[in-house]
Amino acid sequence: MKHSGALLIAAILVLSSNGLPMAQDNRPAAPSALPREIQADRFLLKARKAYTKKDWKTASEFFAKIQNLETEIPHDFHYFYGKTLRNQRDLAAAKVEIVKYLQKARRDGKYYTAALEVLNEIEDAEKRPWKDRVTGMEFIKVGGGKFQMGCHRGNKGECNPDEKPVREVTLKTFWIGKYEVTQRQWKRIMKRNPSRIKKGNKFPVEGVSWKDIQSFLRRLNARSRNKFSLPSEAQWEYACRGGDTTMKFGTADGKLTRKNANFGTEKCCQGDNRDGHLPTAPVGSYASNSLGLYDMTGNVWEWVQDKYTFYNRVEKKDPVYQSKSLYEHQGDTRVVRGGSWYRGTFFARCSMRSIRMVNDKSHDMGFRLVRIDAEAWKKKRMEDRKRRRGSRRN
């Protein structure tokens, strides 16, 4: 035994002299960490296993670890990450990843055909309304672009001063409510119905102020996996026109008749039941505009996010005016759009703007929402915090 012990000690000394690292207890030290490329391959394997089990959360965590390694990403990463994002309903991000895969893949590659099928599925899904699970609200995707915002030359004699100057505005893609928010959807979040016209759950909620809607949004955003806000004036007008600057009204053909919208008489402040509805109509009672949006003209005025001001004070790229209002001395002012069952043709135009105080309520004022993407939501939260800090200092 003594002889064998001496041999073991001799062997350890030889190994040590040959440069093998030793631990403090004279055992060989563990090998150094694997190269980052191999770590990425291991994480991808684990992500794929999680994906097979439909454990999207765990799969996403491993995909995030791969990205944090700051090394060359395995080519198949984009394919499987894209599929995971698709299953999590993040279609925009999923499309980016699948396109990245296809740009590098060979046409005879292992997942090339499958990736094309996924891309087709994503694009088909983008054309379909997206539905919020909490309220049942449906949203339509509106492709971004440039448009001429304001009252155009073709509307001679019908332009208010605050609808000019006409200016080119650029918008990112956004998702906007297919319908005005209904009384049922409001009750689902707020547990009560503030509407003055209680004719049924499918009728638009009205009798709500801009501030009331902010309370609704806080509760909705706390319950939903997604985030929502009122549309900006620019988003609303672009959606009303169906992406076509020449459209004067937000109807199927850009014209206004009793058959395609619920609006009032030309005399001030009275409804007209010749369209079959008085006062409000159930949402979706008339044909949609070219984007598949209903009641962009008439039924109820729709609150938007912006404070009221003149266009020459507002940015031209994704504008949302939140600075000091033009009539701040009278109170915090906002804008409503689209006319209502209570107002005539002049007020139903897509470019028409009407000023309201944030606490104003009426039986002809409601709203629809836009869905906010994750990055825009973070930006909005930061801007809100800055505004609150600024108001405290003042």
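The values are calculated or read from the model by the stated rules, or taken from the named source; none is laboratory data. Remember, predicted model here, so these are calculated numbers, not experimental data. Reconstructed Cβ throughout: ideal geometry from the backbone, glycine too, with neighbour counts over all protein chains shown.
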Original post:
For region 246-268, does any single residue satisfy the condition of being within 21 Å of Phe367 (Cβ to Cβ) and either free of Cβ contacts under 8 Å to residues at least 60 places away in the same chain or β-branched (Val, Ile, Thr) (or both)?
Top reply: yes
**OP:** Enumerate the pairs (first residue in region 198-215 and closer than 12 Å to Arg334 by Cβ; second residue anywhere and of a type in the set (Phe, Trp, Tyr) and modelled with pLDDT of 95 or more) with beta-carbon separation below 9 Å, excluding pairs fewer than 6 apart on the same chain, so at least 6 apart or on different chains.
**Re:** Ser209/Trp303; Trp210/Trp303; Trp210/Phe367; Ile213/Trp303; Ile213/Phe367
Original post:
Within the set of pairs 6+ apart or on separate chains, which have a first residue in region 53-74 that is of a type in the set (Asp, Glu), a second that is modelled with pLDDT under 90, and C-beta atoms under 7 Å apart?
Top reply: Glu72/Glu37
Original post:
Pick from Val300, Val304: which is within 21 Å of Lys172 (Cβ to Cβ) and either in contact with a helix residue (DSSP H, G or I) (Cβ under 7 Å, 6 or more places away or on another chain) or among the hydrophobic types (A, V, I, L, M, F, W, C) (or both)?
Top reply: Val304
**OP:** Report yes if some residue within region 40-57 is farther than 24 Å from Ala93 by Cβ and either in a loop (DSSP other than H, G, I, E, B) or modelled with pLDDT of 50 or more (or both); otherwise report no.
**Re:** no
Original post:
In the set Arg225, Arg258, Arg219, Arg274, which member is farther than 17 Å from Tyr294 by Cα and in contact with a helix residue (DSSP H, G or I) (Cβ under 6 Å, 6 or more places away or on another chain)?
Top reply: Arg219
Original post:
Could you count how many residues in region 200-246 are closer than 19 Å to Tyr286 by Cα, more than 21 Å from the chain's Cα centre (by Cα) and at pLDDT below 95?
Top reply: 1
**OP:** Among the residues of region 97-156, write down those that are more than 30 Å from Asn201 (Cβ to Cβ), of a type in the set (Val, Ile, Thr) and in contact with a helix residue (DSSP H, G or I) (Cβ under 6 Å, 6 or more places away or on another chain).
**Re:** Ile98, Val118, Ile122
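With the requirement that a residue be basic (Lys, Arg), over 24 Å from the mean Cα position of the chain (by Cα) and in a helix (DSSP H, G or I), what does region 76-111 give you?
Lys104
Condition check ((1) modelled with pLDDT under 90; (2) among the hydrophobic types (A, V, I, L, M, F, W, C); (3) surrounded by 14 or more Cβ atoms within 10 Å (Cβ to Cβ)) across all residues:
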position	(1), (2), (3)
Cys151	no, yes, yes
Asn155	yes, no, yes
Glu163	no, no, yes
Thr170	no, no, yes
Val181	no, yes, yes
Met190	no, yes, yes
Pro194	no, no, yes
Lys198	no, no, no
Original post:
What about Arg133, is it part of a loop (DSSP other than H, G, I, E, B) and not small (Gly, Ala, Ser)?
Top reply: yes
Subject >> Listing of helices (runs of 4 or more DSSP H) fully contained in region 174-289 that carry 3 or more residues being among the basic types (Lys, Arg) >> reply: 183-190, 210-223
